[in-house]
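Each reported figure results from applying straightforward, stated rules to the coordinates on display, with no laboratory input. What you see is a predicted model, and the numbers here were worked out from it, not measured in a lab. Here the Cβ positions follow ideal geometry from the backbone for every residue, glycine too, while neighbour counts run over all protein chains shown.
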Amino acid sequence: KNEVEQSPQNLTAQEGEFITINCSYSVGISALHWLQQHPGGGIVSLFMLSSGKKKHGRLIATINIQEKHSSLHITASHPRDSAVYICAVRSYNAGNMLTFGGGTRLMVKP
Amino acid sequence: DTEVTQTPKHLVMGMTNKKSLKCEQHMGHRAMYWYKQKAKKPPELMFVYSYEKLSINESVPSRFSPECPNSSLLNLHLHALQPEDSALYLCASSQDAGGAYEQYFGPGTRLTVT
């Protein structure tokens, strides 16, 4: 079992829909990151969380430390949100290096 | 300036060639990282430099040779690569390797080994 699991693996939505991507982890962490990668492109850091909730524009990230679970929400989705969203944790097991989930491939159709 | 730059963007090399990938940041970060990413897979950590010293080598074959000439610059020297080494190579930096600091990623170099 991977230490970081994301669901769903693939997601197709219509423009304007509310989107949720989930991340569960099984290790002790110092922080959780949500990253975005467009096809063929580099990675952009969206959020770094250690507790609670963060919001940036149409993106909201939450984390529940007790349940070892985080969610990334996209409100009023747009085709430009189409990308791979990656959850990564900084775990004590891994010497504070990032352990990545498998990614969620999101396509938003107009 | 919150940018990590990487050159070249694309590289095609033969198995007998020697080439280098370059990564640069001017954020004053003291930790720099090389990752390898195959298609539809998450990045895999290769090397970590902390304060210009190699602190982590994730059992990477010696045909990959990292170098950190100064705190802003990170190179990855490539020699005698195999076709299976074709991938996107990502550089990242963070304020420090030990704490929960945000990592800033570069756009990557897409490497094809023929």
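When you take every Cα atom in the range B:1-68, what is the radius of gyration, and what is Dmax, the widest Cα pair distance, in Å?
Spelled out, the Cα radius of gyration and Dmax of the range B:1-68 are 13.1, 38 Å.
So which of A:Lys53/B:Lys9; A:Lys109/B:Lys38; A:Lys68/B:Lys41; B:Lys18/B:Lys41; A:Lys53/B:Lys53; A:Lys109/B:Lys19 end up more than 30 Å apart by C-alpha?
In this structure, A:Lys53/B:Lys9; A:Lys53/B:Lys53; A:Lys109/B:Lys19 lie more than 30 Å apart at Cα.
Lone cysteines in chain B, defined as no other cysteine's Cβ under 4.7 Å from theirs: which are they?
B:Cys68
Among the DSSP beta bridges whose two residues both lie in the protein assembly as shown, what percent are antiparallel, rounded to the nearest 5?
Close to 90 percent.
Which shape class, rounded, prolate or oblate, goes with chain A when its Cα gyration tensor gives a ≥ b ≥ c as root eigenvalues, a/c under 1.5 marks rounded, and past that a/b bigger than b/c marks prolate? Before the final figure, lay out the partial values.
Working: a/c = 1.95, a/b = 1.65, b/c = 1.18.
Taking the square roots of the gyration eigenvalues as a ≥ b ≥ c, chain A is prolate.
What is the distance, in nm, between label points placed 7 Å from the Cα along the Cα-to-Cβ direction at B:Thr5 and at B:Arg63?
It is 3.0 nm.
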